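Down below is the structure, laid out as structure tokens.
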Amino acid sequence: EDFKFWKTQPVPAIDEEVKEDGPIEADTPYDQIKKEPYALPGSFTWCNVNIDDKEELTELYTLLTENYVEDDDAMFRFDYSAEFLKWALQPPGWKPQWLAGVRVKSNNKLVAFISAIPATLRVHEHKQLLVEINFLCVHKKLRSKRLAPVLIKEITRRVHLEGTFQALYTAGVHLPKPISVCRYYHRSLNPKKLIETGFSHLEKNRNMAKTIKYYRLPEKPLIPGFREMKAEDVDSVQKLLNTYLEKYQVAPVFSREDVEHWFLPVDNVVYSYVVENENEITDFVSFYNLPSSIIGHPTYKEIKAAYLFYYFQEGMGKKYSTTRALINDALIVAKSKSFDVFNCLNLMDNDDILDDLKFGKGDGLLNYYLYNYRCVEVKPRQLGVVLL
Ligand SMILES: COc1cccc(CC(=N)NC(=O)c2cccnc2OC2CCNCC2)c1
């Protein structure tokens, strides 16, 4: 019945009104942490998915591309690429035992997965070392065997063993208890394909020809000094991004290594740009490549989707660009790289530009959660953390 598992976990009750921030339970002393993995149903066994091994990386890719998150109408499924997964799962401080898989004993088939990566998150004034949980996936044929609770307990145990007791995660489903509830938005770049695949529909009073014109973008970015980020920019980006994110109530704090890993461009994975004028970086914007398979479509197989990642503007950001101009240049570059759609959430300052830049409201919500940490509710525009 409702939230049987979550009622056993250190998270606020669904109807609790959180009044102050803080851990829900104390750190577990090492000698009280279970040293052996949680029991799995008979024919399954735990493994660490070794994504440095090409075959195992492909096994993980295949599990996710066939069984991971779909949209509410089961028309699209995330299709994270193998290169993307390697990037997403091996940031500074990553641990092999935090890429937990479940295999069938008889044929060694990978049938479930969950991951944790380290991060530093500032919650109001408190800097919290925690993990980001992501890619929880159970093969479609093993649903309702109550495997997800076991995966969550096992990754929690493995994270506890490394001395970490808080986590951050997102989900489309409403669980006890979101720290923030965000809406998602889409900006058409290739409206013809999006309409033909059913991702979006023609607005009333706007035929296809008018729709193509409505979403048309320039060939090249408009902001003077807008260029790809490079290694020499890392120090400036780290300083200016961490400073910019201080305006949000909940936001990550990036080390220099974090900035190198998350923002130096990687073909087909992450795209990052800076605005440089008079030898000074004043603006930054990034987006990541997350295509979606189109389930059972005869002609189109994929939606090429870009997802807004982090950005900043120095000072009041009015010197060279506004948030609008900055995201607009990201749209222009994404279009020039043949993305079909540009997605984002209404967090950070995104809400200010959604209408002007012709984003349409998505049909769903993305809930943000903290594990073992009470946090007074955060409005989306006060949230500065973007997960993959
Ligand atoms: C278009 O293909 C889809 C395939 C699967 C699910 C969805 C809807 C959806 N759930 N979208 C989002 O969660 C989303 C929408 C805008 C921006 N970021 C998002 O999610 C990110 C962050 C959380 N992990 C998934 C990727 C769409």
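The values are calculated or read from the model by the stated rules, or taken from the named source; none is laboratory data. In this text the structure is predicted, and so the values were computed from the model without any measurement. For neighbour counting, all protein chains shown are included, and Cβ atoms are generated from backbone atoms with ideal geometry for every residue, glycine included. In case anyone asks, the SASA skips ligands and DNA or RNA and just uses the protein heavy atoms, side chains included. Shrake-Rupley method; radii C 1.70, N 1.55, O 1.52, S 1.80 Å.
A few points about this structure:
- In region 11-108, the portion of solvent-accessible area held by carbon and sulfur atoms comes to 51 percent [1.4 Å probe, whole percent, DNA, RNA and ligands not counted].
- With contacts taken as Cα pairs under 8 Å and at least 6 residues apart, region 318-388 reaches a relative contact order of 41 percent.
- Checking the Cα-Cα distances for K105/K141; K7/K35; K34/K141 against a 19 Å cut-off, the pairs over it are K7/K35; K34/K141.
- Projecting label points 7 angstrom from Cα along Cα→Cβ for H174 and K301 puts them 3.9 nm apart.
- Ligands, DNA and RNA left out, the accessible area of region 296-388 computed with a 1.4 Å probe is 51% carbon and sulfur.
- Selection from A116, S106, P96 lying farthest towards where the dipole of region 79-143 points positive, charges on Cβ: S106
- Note on M208: accessible area approximately 50 square angstrom, rounded to 10, probe 1.4 Å, nucleic acids and ligands left out.
- Here the sum of -39500 (n - 2.57) over DSSP H runs of 4 or more residues, divided by the residues of the chain, equals -6500 deg cm²/dmol at 222 nm, to the nearest 500.
- Per-residue SASA entry for T62, accessible area with 1.4 Å probe, Å² rounded to 10: 50
- Heavy-atom accessible area order for K95, K337, K193, K105, largest first, 1.4 Å probe: K105, K337, K95, K193
- Ordering of 14-27, 255-268, 366-379 by packing [mean C-beta count within 10 Å, highest first]: 366-379, 255-268, 14-27
- Size of electric dipole in the chain: Cβ of Lys, Arg +1 and of Asp, Glu -1, about Cα centre, debye, nearest 20: 1180
- For region 78-101, the residues whose backbone nitrogen is under 16 Å from a point 7 Å from the Cα of E162, taken along Cα to Cβ, are 86-101.
- Local net charge near P37, Cβ-Cβ under 13 Å (Lys/Arg +1, Asp/Glu -1): +4
- Label point distance in nm, E17-Q382, each placed 7 Å from Cα along Cα→Cβ: 1.5
- Reported to the nearest whole Å, the Cα centre-to-centre distance from region 226-261 to region 130-200 is 25.
- Directionally averaged projected area (the chain, Cα convex hull): 20.5 nm².
- Relative contact order of the chain, taken over Cα pairs closer than 8 Å and 6 or more residues apart, is 24 percent.
- With all protein chains modelled, accessible area of I327 [1.4 Å, Å²]: 0
- Pairwise Lys count, region 228-346 - Cα closer than 16 Å, eight or more residues apart or different chains: 4
- Alpha carbon convex hull of region 283-362, volume per residue in cubic angstrom: 97
- Viscosity 1.306 mPa s, 10 °C: Kirkwood-radius Stokes-Einstein D of region 125-267 over Cα pairs, µm²/s: 78
- Ranked by solvent-accessible area (1.4 Å probe, protein heavy atoms only, all chains present), the residues F135, F226 order from largest to smallest as F226, F135.
- Rounded to the nearest 20 debye, the dipole size of region 190-290 about its Cα centre is 1020 debye, using +1 on the Cβ of Lys and Arg and -1 on the Cβ of Asp and Glu.
- Between region 345-381 and region 1-35, the Cα center-to-center distance that results, in Å: 24
- With N counted as the residues of region 242-282, its alpha-carbon radius of gyration over 2.2 N^0.38 Å works out to 1.37.
- Evaluated over region 247-388, the Cα radius of gyration and Dmax, each in Å: 16.2, 52
- Relative contact order for region 92-181: 25 percent, from Cα pairs under 8 Å spaced at least 6 residues apart, divided by residue count.
- All lysines inside 24 Å of K204 as judged from Cα atoms, apart from same-chain residues fewer than 8 positions distant: K192, K193, K213, K358, K361
- Size of electric dipole in region 67-145: Cβ of Lys, Arg +1 and of Asp, Glu -1, about Cα centre, debye, nearest 20: 600
- Per residue accessible area of the chain, 1.4 Å probe, in Å²: 47
- Normalised by residue number, the volume inside the convex hull of the Cα atoms of region 77-170 is 128 Å³ per residue.
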